[in-house]
Structure formats: C-alpha cells, structure tokens
Amino acid sequence: MINPNNLCMGCMNELAEGESICSKCGFSPEDYNRKRSGRTLAPMTILAGKYLLGKVLGEGGFGITYLAWDLNKEEKIAVKEYFPGALAYRNTRSSVEEYITPLNSTADTYYQKGLKSFVEEARNLKKFDAIPGIVSVKDFFYENKTAYIVMEYIEGMTLKQVMEKLESPMVWSQVLEVMHPVLKALEKIHREGIIHRDISPDNIIVGGDGKVTLIDFGAARFQTGNETKSLSVILKQGYAPVEQYQSRGKQGPWTDVYAVCATMYYMMSGIVPAESIERISEELLVPLSELQPDIPREISDAVSHGMKVLWQERSQDMQVLEAELYEKRKSGAEDPYPKLEWIDVVICIYLVIVIVVAISVVLFLLS
C-alpha cells in the first residue's frame, strides 16, 4: 500500500526517501504554496474522505481542476470543483474555511442554478463512460458548499499546448483527423440534450498515445437576469458564439458547432478568431483559404459556415458539420485543387514542347 504522505503533489508519484523536491517532475511544495492563488484548495486537502488533492491543473471561469489521488483505489485522478469566479469567492490563505461563498444574494441565485446544472450534467455524463473522446466521470459529490466531479486523469497536453509547441499552424488534414473523434462524441451527447458550452483548445487533451479527449464538462448554464456581464468575463474569447453573450440567447448543438469550428480555425491558421460579439456589426473573420492557400475551399467554407454569427445561419448540429468536412470529400466532391494524374503531366509537357517549337519556327521565318 502506498503511503499518501510520500506522494508528490505535482505528479502523484512516490518521492524518494528524504526527497522534498520531486526528481521526476521537479515539483516544489514550498514554491507552489508561495505562488498558489487563495481561491484554490491547498495540496494534501482530502475531499469526501477519499480524494487527496494535489496541484491545480487548470483554473477557468466555471471552476478549478486539481490533480488528485484516489486513496481507496490508489490511482491518479482529476477533480473538478464548481467555482464560478464571477459569482463567488474564497480565500484559503486568510481563513481555515474551505467553503465557497457567493458575492451577494443576486449572485447566489445564479450560483445555485449553476451548481444544480453542474451536478445534473455530471450525472448525465456518467452514462457516457464508454464513449471514446469524452473524459470518463467516476464520481460526483457535494462539499464546501459546492460540488465536485471526479474524472479519469489523462496524461498528455492540451491542444493549446500542442499548438504553442508547434509554433505554426497544423496541416488541415491533420486537424480533421484530430478533431473527428470530438465531433463524433459531441454528436452522441447532443442526442441526450447535453451541450458542452466551453469547447476550446484548453479543453481538448491529446494523450501520449494520440488519443484525443474532450474534458471540462459542467459549464454552468445562465438563463435570465443580469447574467450578461458575468458571461462576458468567463466565456473563452474567440471560441464562444454570440448567443452565449446574450441573456436570452438560444443555445443548442449549434453552440458547440461554433466553438468546434473556432478551435479548428485556430489549429489551421494559428490565429484566435475575433470574438463573435464583435463580428455582429463587421465581419472580421478572414476565410482559412485566404490565410493558408493549401487548405481546400470546401474545408474553409465548412469552418466559416459553422462560425456564422447568427445561430440560424450556422451548421445546426455535428452531423451536418461532419458531412461538410468529411463526407463531401469522400463522395468525390470537386476538389478546388485537383491532383494531376501522370497522363495529364505527359500531355502538358507535350503541349509545352509543341508550343515552344511553333514559336521557334515563327521567329525563324520572321527573321
């Protein structure tokens, strides 16, 4: 049995005897705690009596994700804490309290709605453990006046980290290959009425084995009141469609279509798209085919179609988007950049020779 006191809170591997800084990942508890945000729970915190928290893996508008260790099963996991920063606060540095407190009564109303939605989506996602491309949910529970989702931990890098490492856009065909499992997974969960609402390069993990997984479900759904201001703070700029900025914006599968296409746009161009809210009065989206001439026109058009500002004009679901990106090419749709067969090359060379000879003869006669 592994002694949890001997685990590195940065990688959950066992520390060597007398080791304070992990030789495997370089994690230093002293440095981490000095820089740690007061919003986050400290390493070695135990939740539900069995989940030991480590370092923060990610901190977004809707919550905080921690590296963790299942004390019973002795395995590495990830724990997502519902914590909408625009609506609530916590300072673990100035108080021993670990619970989250809404900013005021109005914020509390939206906080509770979001909390309910967070847990409901965790329950629904638990049904989809076997679907490739979606992070597996192991458990969910209430504590600290909030809720937590326990998920499988996926070794790998986010798409954003992959892009930063590449330092250049991905080849369009590679993007289609990487994103296809994500589209298929979203198609299945959309049938159950679940919408991700927070798709971006930060929330797609590429594992060491090349497996692509969509993470970070449970983004709160705001419906009425003064939510617009909060949403403008917590939504991912460049990847959120305009209906997510509106207090009564109609959200559906088309909402995730926009975010998926925006992610693909970034992958193929290296450019984060202009915010959808800014594109209402002026179209600021340059087609991919103009940025990267090697990208086929139909691929560029499919991405642009999925990023239409008005949801009614957009590809309505993942099936439509998949057909535009993949099926049309398979069915032999005309390629704007057709490949020449060897016979075509021979004919072209022959014609060039004939033209050159003809011009030479004319010039000879004229001289």
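In whole percent, what relative contact order does region 1-129 give with Cα contacts below 8 Å and a gap of six or more residues?
Computed value for region 1-129: 16 percent relative contact order.
Convert 37 °C to kelvin, take the viscosity as 0.692 mPa s, use the Kirkwood radius over C-alpha pairs of region 1-127 as Rh, and evaluate the Stokes-Einstein diffusion coefficient in µm²/s, rounded to a whole number.
On the way: Rh = 15.9 Å.
It diffuses with D of about 206 µm²/s by this estimate.
Using a 7 Å offset from the Cα along the Cα-to-Cβ direction at both residue 155 and residue 104, what is the distance between the two label points in nm, to one decimal?
4.9 nm
Under 10 °C and 1.306 mPa s, how fast does region 78-131 diffuse according to Stokes-Einstein, given a Kirkwood radius computed over C-alpha pairs? Answer in µm²/s, whole number.
124 µm²/s
Ignoring ligands and nucleic acids, what accessible area does residue 74 show with a 1.4 Å probe (Å², nearest 10)?
Approximately 60 Å² for this residue.
At 1.4 Å probe size, what's the solvent-accessible area of residue 128? Round to the nearest 10 Å².
Estimated to the nearest 10 Å², residue 128 gives 20 Å².
Between residue 44 and residue 319, what FRET efficiency follows from the Cβ-Cβ distance if R0 is 41 Å, with the result rounded to 0.05? Before the final figure, lay out the partial values.
Working: r = 46 Å, r/R0 = 1.13.
After rounding to 0.05, the efficiency reads 0.30.
Would you mind getting the accessible area per residue of region 23-174, heavy atoms of the protein chains only, 1.4 Å probe, in Å²? Kindly include the intermediate steps, with their values, before the conclusion.
Working: 7330 Å² over 152 residues.
Value for region 23-174: 48 Å² per residue.
As a test of reading the structure, rank 206, 79, 171 by solvent-accessible area (1.4 Å probe, protein chains only), most first.
The residues order as 171, 206, 79, largest area first.
Counting only protein chains, not ligands or nucleic acids, how are 101, 106 ordered by accessible area (probe 1.4 Å), most first?
On the way: 101 40, 106 70 Å².
Accessible-area ranking of 101, 106, largest first: 106, 101.
Keeping the other protein chains in place, figure out the carbon and sulfur percent of the accessible area of region 155-203, with a 1.4 Å probe.
With neighbouring chains kept in place, the figure for region 155-203 is 48 percent.
Report, in listed order, any pair from 55/188; 50/160; 127/211; 160/250; 236/308; 76/145 with a Cα-Cα distance greater than 22 Å.
55/188; 50/160; 160/250; 76/145
Any chance you could list P(r) for region 29-74, counting all Cα-Cα pairs in 10 angstrom bins from zero, rounded to whole %?
Each 10 Å bin holds this share of Cα pairs: 27, 52, 21, 1.
Of 116, 35, which has the most accessible area and how do the rest follow, probe 1.4 Å?
35, 116
For region 280-292, just list the computed ³J(HN,Hα) in residue order, Karplus coefficients 6.51, -1.76 and 1.60, θ = phi - 60°, integers in Hz, with x standing in for Gly and Pro.
5, 8, 8, 6, 10, 8, 7, x, 4, 5, 7, 7, 10
With the contact rule set at Cα under 8 Å and sequence spacing of 6 or more, what percent relative contact order holds for region 64-196?
Contact order relative to length: 22 percent.
Provide Rg over Rh for region 108-147; use the alpha carbon set for both Rg and the Kirkwood Rh (inverse mean inverse pair distance).
1.06
Just how much of residue 11 is accessible, in Å², when a 1.4 Å probe is used and the result is rounded to the nearest 10?
Accessible area, nearest 10 Å²: 20 Å².
The values are calculated or read from the model by the stated rules, or taken from the named source; none is laboratory data. Please read all numbers here as calculations on a predicted model, not as lab measurements. All Cβ positions, glycine included, derive from the backbone under ideal geometry; neighbour counts span all protein chains shown. Ligands, DNA and RNA are stripped out before the accessible areas are found, and what is left, the full protein with its side chains, is counted by its heavy atoms. Shrake-Rupley method; radii C 1.70, N 1.55, O 1.52, S 1.80 Å.
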